[in-house]
Amino acid sequence: MCIRDRSWAPLSADLDRGIVYIPTNAPTIDYYGGFRPGDNLFGTSIIALDVATGQRAWHFQTVHHPIWNYDLPNVPILVDVNVEGEDVPMVIQTTKQGMTFAFNRETGEPVWPIEEHSVPASIVPGEQLSPTQPFPTKPAPLNPLGLSEDQLIDFTPELRREAADILSQFRVGGPYMPPLPNNHNESVKGWVACGAGGLNITHPATLDPETGYLYQANGPGCSGRTVQPGSDVDGDTHGCTSDSGECTTTGVTVSDWVQGGGVGWSGPQGLPIYKPPYSKITAIDMNTGEHVFAIPVGEASEQMKRHPALQDVDLTGVGTPRGKAILMTTGSLLLATEGMQGPAVLNAHNKKTGEKLGSIELPAPGQYGMMTYQHEGRQFIVVQIGQGGTFPGSLVALALPEGD
């Protein structure tokens, strides 16, 4: 069995201080870690290394004993800010859970307190989760961590009642609800974790150094998992050859438990179970740790527009489900696509208010990231695009008007 901690997201470096910042993955495997007891340092951690000596300057683990696939998805962001009148060299680590961790990048001290809160224990035999997980006091999470009745879809009273009935059939909590064994005898259908609507590699955060605003594309997210005995996944189903038709097992699963399936969690009548917006851009002032604005990304999906239960409902500002924008700032603008599943457009917003200022078409939806450069005094934007077999891995270069 391979147990590893590695950096999946890019690294960043403070050239003046000679420190490199490494965001790490979780140890294998996802959803069960009974074979690796303890907190599993340095998994799902931000690690600061002195490049001259190779020694660890400091570290912080954002998820203890990680099993939820909450590896750190984005590059640590370096910025100099002013917090309560004091200049702070900050490093920011965004997460899949929608929590934002901020540290003094020289000392590793949290800029705002980070508290250990109790989280549910696992009932999977052999699993020993950490009894607590770290939660930043600032900034606030991008979305609620959990799901209450007040957050349920309420376009119509009928949809609200159906959503409440679904909610009552599951045990729903924050992002650290553990998976259940697939042979559980719980009185509920499953345990559901809500709070996984933050950042991922497909839609990295961006920061404007002029204002200290951090922009993150996000939306609410809930999911439930089960695990199954590792022995159940072995059998004579591997290594089939087309010539003989014979199949042989190529290996033996040594983990007691491995990933199972979902728990049948879905919203009423095929709609999301929670209120909109289903995707948005959130701006956080990293000088104060306060949210500045949140604007919806895209329009309601075609499925929602055609849904018979929503024909008389105003769907303005609901956002496109899973429409995670690709972001970048330049001059006075916040540039944003509308996600890999959204329309092929690049929008320009006022970076201080979020107001949409204009839009241009792209050959295909933006994906993964953007970059900018200057040539002969003109600023250019490069957008990575692609959709299925159309324009796979292509780049589009655009020139900004003078003064923007």
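The values are calculated or read from the model by the stated rules, or taken from the named source; none is laboratory data. Predicted, not measured: the structure shown is a model, and the values here were computed from it. Using ideal geometry, Cβ is built from the backbone for each residue, glycine included, and neighbour counts are taken over all protein chains shown. Each accessible area value is taken on the protein alone, full model and side chains, heavy atoms only, with ligands, DNA and RNA left out. Shrake-Rupley method; radii C 1.70, N 1.55, O 1.52, S 1.80 Å.
Restricting to region 364-403, what's the tally of residues that are open to solvent by 80 Å² or more (accessible area, probe 1.4 Å) and either modelled with pLDDT of 85 or more or assigned to a strand (DSSP E or B) (or both)?
Number satisfying all stated conditions: 11.
Would you mind stating whether D165 is in a loop (DSSP other than H, G, I, E, B) and out of contact with any strand residue (DSSP E or B) (no Cβ under 9 Å at 6 or more places or on another chain)? Write out each step before concluding.
On the way: in a loop (DSSP other than H, G, I, E, B): no; out of contact with any strand residue (DSSP E or B) (no Cβ under 9 Å at 6 or more places or on another chain): yes.
When the stated conditions are applied, D165 does not pass them.
Looking at (1) open to solvent by 20 Å² or more (accessible area, probe 1.4 Å); (2) under 30 Å from R378 (Cα atoms); (3) modelled with pLDDT under 90, can you tell me which one D285 breaks?
All conditions are met except number (3).
Taking only region 336-363 into account, find how many residues are of a type in the set (G, A, S) and part of a loop (DSSP other than H, G, I, E, B). Please lay out each step first, then the result.
Start the filter on region 336-363 by keeping residues that are of a type in the set (G, A, S), which leaves 336, 339, 342, 344, 348, 354, 358-359.
When the remaining residues are screened for being part of a loop (DSSP other than H, G, I, E, B), the result is 339, 342, 344, 354.
Matching residues across region 336-363 total 4.
Can you run down the residue pairs with Cβ atoms below 8 Å, 6 or more apart or on separate chains, where the first is in region 32-46 and farther than 25 Å from P229 by Cβ and free of Cβ contacts under 8 Å to residues at least 40 places away in the same chain and the partner is buried (at least 21 other Cβ atoms within 10 Å of the Cβ) and aliphatic (A, V, I, L, M)?
T44/A26; T44/V63; T44/L72
Looking at (1) more than 30 Å from N82 (Cβ to Cβ); (2) modelled with pLDDT under 95, find the lone condition where L199 falls short.
Of (1) more than 30 Å from N82 (Cβ to Cβ); (2) modelled with pLDDT under 95, only one is false for L199: (1).
With the requirement that a residue be part of a strand (DSSP E or B), in contact (Cβ under 8 Å) with a residue 40 or more places away in the chain and of a type outside the set (S, T, Y), what does region 272-302 give you? It would help to see each step written out before you state the result.
Of region 272-302, the ones part of a strand (DSSP E or B) are 274, 280-285, 290-296.
Subsequent filtering for residues that are in contact (Cβ under 8 Å) with a residue 40 or more places away in the chain retains 274, 280-285, 290-295.
Across region 272-302, the qualifying residues are K280, I281, A283, I284, D285, E290, H291, V292, F293, A294, I295.
Return the residues of region 312-343 that are more than 22 Å from the chain's Cα centre (by Cα) and of a type outside the set (D, E); say none if nothing qualifies. Break it down stepwise before answering.
Keep residues of region 312-343 that are more than 22 Å from the chain's Cα centre (by Cα), which gives 312-316, 330-333.
Across region 312-343, the qualifying residues are V313, L315, T316, T330, G331, S332, L333.
Scan region 132-161 for residues that are in a helix (DSSP H, G or I) and open to solvent by less than 70 Å² (accessible area, probe 1.4 Å) and jot them down.
To start, the set of residues in region 132-161 that are in a helix (DSSP H, G or I) comprises 149-151, 157-161.
Of everything in region 132-161, those that are in a helix (DSSP H, G or I) and open to solvent by less than 70 Å² (accessible area, probe 1.4 Å) turn out to be Q151, L159, R160.
Where residues in region 301-317 are crowded, with 16+ Cβ neighbours inside 10 Å and modelled with pLDDT of 95 or more, which of them is nearest to E158 (Cα to Cα)? Spell out how you get there, then give the answer.
Initial filter on region 301-317 (crowded, with 16+ Cβ neighbours inside 10 Å): 301, 304, 307, 309-310.
Subsequent filtering for residues that are modelled with pLDDT of 95 or more retains 307, 309-310.
On the way: H307: 14, A309: 9, L310: 11 Å.
Across region 301-317, the extreme among qualifying residues is A309.
(1) surrounded by 14 or more Cβ atoms within 10 Å (Cβ to Cβ); (2) under 21 Å from I201 (Cα atoms): which one isn't true of K351, the others all being true?
Here K351 meets the rest and fails (2).
When you look at V75, is it of a type in the set (A, V, I, L, M, F, W, C), part of a loop (DSSP other than H, G, I, E, B), under 20 Å from G289 (Cα atoms) and in contact (Cβ under 8 Å) with a residue 12 or more places away in the chain, yes or no? Don't jump to the end; show me each part of the working.
Working: of a type in the set (A, V, I, L, M, F, W, C): yes; part of a loop (DSSP other than H, G, I, E, B): yes; under 20 Å from G289 (Cα atoms): yes; in contact (Cβ under 8 Å) with a residue 12 or more places away in the chain: yes.
Yes.
So which residues in region 259-279 are open to solvent by less than 20 Å² (accessible area, probe 1.4 Å) and touching a Pro at 6+ places or on another chain (Cβ under 8 Å), if there are any at all?
Listed by number, the residues that qualify are Y278, S279.
Is it the case that K305 is in contact (Cβ under 8 Å) with a residue 40 or more places away in the chain and among the charged types (D, E, K, R)? Walk me through how you get there before you give the answer.
Working: in contact (Cβ under 8 Å) with a residue 40 or more places away in the chain: no; among the charged types (D, E, K, R): yes.
In short, no.
Restricting to region 78-93, and then to whatever is out of contact with any strand residue (DSSP E or B) (no Cβ under 6 Å at 6 or more places or on another chain) and assigned to a strand (DSSP E or B), can you tell me which residue is least open to solvent (accessible area, probe 1.4 Å)?
Within region 78-93, the first condition is being out of contact with any strand residue (DSSP E or B) (no Cβ under 6 Å at 6 or more places or on another chain), and the residues that meet it are 82-87.
Going one step further and asking which of them are assigned to a strand (DSSP E or B), we end up with 82-83, 86-87.
Working: N82: 61, V83: 18, E86: 118, D87: 119 Å².
Ranking the qualifying residues of region 78-93, first place goes to V83.
Just checking, how many residues over region 308-325 are in contact (Cβ under 8 Å) with a residue 60 or more places away in the chain and either of a type in the set (S, T, Y) or touching a Cys at 6+ places or on another chain (Cβ under 8 Å) (or both)?
Selection size over region 308-325: 0.
Residue-wise test of (1) open to solvent by 70 Å² or more (accessible area, probe 1.4 Å); (2) in a strand (DSSP E or B).
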| site | (1), (2) |
| --- | --- |
| P27 | no, no |
| A48 | no, yes |
| A52 | yes, no |
| A57 | no, yes |
| V63 | no, no |
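Pull out all pairs, ordered by first then second residue, where Cβ-Cβ is under 6 Å, the residues are six or more apart or on different chains, the first lies in region 156-179 and is under 23 Å from V63 (Cβ atoms), and the second is modelled with pLDDT under 95 and assigned to a helix (DSSP H, G or I).
Close Cβ pairs (under 6 Å, with a partner that is modelled with pLDDT under 95 and assigned to a helix (DSSP H, G or I)) do not exist here.
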